Amino acid sequence: MSGQRSSHCTTRRRRGKPRGWVIAFSLALAAWGLALALDGRDFAGQYDLTGIVEHEEDVSLTFSAGIANVGDVEVPAAIVRLEDELDPGIVYAEFLSVALLRGAKPTRLSSAVTVPRRAYEAWLDGVPPRLVVDYETPGGRVQRTVELVRMPLMEETP
């Protein structure tokens with residue numbers, strides 16, 4: 001049957017220079033990454049909540065965290081604070097002279113705390129606790145928030 005055309009159709013994609021939207025998206029993604037870094041994502045880690053005792057308006061528990069320095073600055077002596085998410089002036093725990101060195105294993109912190117039930121319930125709902133690293137640099141005092149995920153902390157082996 002000559003003269004009949006096949007009903008099978010293929011789509012060709014033009015491969016060549018990136019389109020404008022690809023470049024714009026890439027630039028936006030890079031800017032977003034830079035904004036995260038500038039917003040204090042120099043520290044990351046995991047946290048766990050144990051020994052939980054619920055009261056009517058608050059909750060007593062042990063807060064434990066493992067924090068790694070994923071930034072560019074060595075921090076030999078920081079103050080690390082567990083702060084209230086709504087009012088950073090309220091501090092539930094404070095850890096003094098904490099060494100957070102680049103490339104080192106995560107620094108472990110643990111403290112018994114009592115927090116409002118709303119803070120505890122937010123943590124259960126996936127909102128991470130507000131853990132802040134406060135340290136001195138040649139340019140002045142710096143505060144950075146730790147990027148946290150909840151997961152059980154492994155026991156340290158000697």
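Among the residues of the range 39-48, is any loosely packed, with under 14 Cβ neighbours inside 10 Å, more than 17 Å from the chain's Cα centre (by Cα) and not small (Gly, Ala, Ser)? I'd like the intermediate steps shown before the answer.
Filtering the range 39-48 down to residues loosely packed, with under 14 Cβ neighbours inside 10 Å leaves 39.
Retained after the next criterion (residues that are more than 17 Å from the chain's Cα centre (by Cα)): none.
Within the range 39-48, not a single residue is loosely packed, with under 14 Cβ neighbours inside 10 Å, more than 17 Å from the chain's Cα centre (by Cα) and not small (Gly, Ala, Ser).
Check VAL80, VAL98 and return the single one that is closer than 14 Å to VAL133 by Cβ, in a strand (DSSP E or B) and within 16 Å of the chain's Cα centre (by Cα). Quick ask: steps written out before the conclusion?
Values: VAL98 fails: within 16 Å of the chain's Cα centre (by Cα).
Just one listed residue meets the conditions, VAL80.
Evaluate the range 53-60: report whether one residue or more is within 17 Å of ARG150 (Cβ to Cβ), in contact with a strand residue (DSSP E or B) (Cβ under 9 Å, 6 or more places away or on another chain), small (Gly, Ala, Ser) and modelled with pLDDT of 95 or more. First the steps, then the outcome.
Going through the range 53-60, the residues within 17 Å of ARG150 (Cβ to Cβ) turn out to be 59.
With the extra rule that they be in contact with a strand residue (DSSP E or B) (Cβ under 9 Å, 6 or more places away or on another chain), the set shrinks to 59.
Then drop every residue that is not small (Gly, Ala, Ser), which leaves none.
No, every residue in the range 53-60 fails to be within 17 Å of ARG150 (Cβ to Cβ), in contact with a strand residue (DSSP E or B) (Cβ under 9 Å, 6 or more places away or on another chain), small (Gly, Ala, Ser) and modelled with pLDDT of 95 or more.
In the set LEU61, LEU86, LEU49, which member is under 19 Å from PRO116 (Cβ atoms), aliphatic (A, V, I, L, M) and not in a strand (DSSP E or B)? Full working, then the answer.
Numbers: LEU61 fails: not in a strand (DSSP E or B); LEU49 fails: not in a strand (DSSP E or B).
The unique qualifying residue is LEU86.
Please give the number of the condition TYR120 fails out of (1) part of a strand (DSSP E or B); (2) surrounded by 14 or more Cβ atoms within 10 Å (Cβ to Cβ); (3) not small (Gly, Ala, Ser).
(1)
Going by the conditions given, is VAL73 under 20 Å from ASP48 (Cα atoms), among the β-branched types (Val, Ile, Thr) and either assigned to a strand (DSSP E or B) or out of contact with any Cys (no Cβ under 9 Å at 6 or more places or on another chain) (or both)?
On the way: under 20 Å from ASP48 (Cα atoms): no; among the β-branched types (Val, Ile, Thr): yes; either assigned to a strand (DSSP E or B) or out of contact with any Cys (no Cβ under 9 Å at 6 or more places or on another chain) (or both): yes.
Spelling it out, it is not the case that VAL73 is under 20 Å from ASP48 (Cα atoms), among the β-branched types (Val, Ile, Thr) and either assigned to a strand (DSSP E or B) or out of contact with any Cys (no Cβ under 9 Å at 6 or more places or on another chain) (or both).
Being closer than 19 Å to SER97 by Cα and small (Gly, Ala, Ser) is the filter here; which residues of the range 114-147 pass it?
GLY140
Can you tell me which of (1) part of a strand (DSSP E or B); (2) within 19 Å of GLU54 (Cα to Cα) is the one VAL142 doesn't meet?
It is condition (2) that VAL142 fails.
The values are calculated or read from the model by the stated rules, or taken from the named source; none is laboratory data. What you see is a predicted model; the values in this text were computed from it and never measured. All Cβ positions, glycine included, derive from the backbone under ideal geometry; neighbour counts span all protein chains shown.
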